[in-house]
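Each remark here refers to the structure printed beneath this line.
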Amino acid sequence: MPKRPLLIALAVLLLDRITKWAIAQTIPLEDAVNIVPGFFRLTHLENTGAAFSLFAESTSPFRTALLIAFSVAALAVVSFLLWKDRGVFHSGTLALSLILGGAVGNLWDRLVDGKVTDFLDFYIDAHHWPPFNVADSAIVVGALLLLLRMFRKEHRPQRAD
């Protein structure tokens, strides 16, 4: 795999690890710090489910194993796609690199703790977006970039490093 996608994925992973560590060190579990009152706060939550707390309420003994298996399968597909396109760098490569870094970040948490630390908490009055983290953000941005790429034709990709 070329250097640029690996560096992007590594940057996402490092930012994810550092921010989760900082939150765990400074904000007690289940507590929050208002940053923009009525809109954004930093929280310290542990999510046993998937992105945006999907399946967090599941009592299945296989939940964590299935989430890990899904993450490993997704990593294999993303890695294959990056390897297949290793000679060029374009928005699709950037998107897959973001997804790779985010998936590794959340997989790391699941393998070590069986849960993922979430801390970015946006809300307006009673309307509340589920808390998330840097890895989730990278995965969503990567997926959106892939969707945008599908809707437009990209010309002349750059050669990868």
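Just so you know, all these numbers are worked out from the coordinates, no wet-lab data involved. Note that the structure is a prediction, hence the values are computed from the model and not measured. All Cβ positions, glycine included, derive from the backbone under ideal geometry; neighbour counts span all protein chains shown.
Quick notes on this one:
- Full extension of the chain segment joining Ala22 with Arg149 gains 42.3 nm, where the gain is 0.36 nm per residue of separation less the Cα-Cα distance.
- For a straight C-alpha distance cut-off of 20 angstrom, the lysines reachable from Lys115 (same-chain residues fewer than eight places away being disregarded) are Lys20.
- The distance between label points at Ala32 and Ala65 comes to 3.6 nm (points 7 Å beyond Cα on the Cα→Cβ vector).
- Extension gain, Leu10-Leu111: 0.36 nm per intervening residue step, less the Cα-Cα distance, totals 34.6 nm.
- Linear extension gain, Ile124 paired with Arg86, 0.36 nm per residue minus alpha-carbon span: 9.4 nm
- Taking a straight Cα-Cα cut-off under 26 Å and skipping sequence neighbours fewer than 8 places away in the same chain, the lysines within cross-link reach of Lys153 are Lys3, Lys84.
- Label zone at Ala74 (point 7 Å along Cα-to-Cβ), backbone N below 15 Å, the stretch 1-22: 13
- Anisotropy class of the stretch 62-130 from Cα gyration tensor, a/c 1.5 cut: oblate
- Ranked by how many other beta carbons lie within 10 Å on average, peptides 82-91, 5-14, 132-141 from highest: 132-141, 5-14, 82-91
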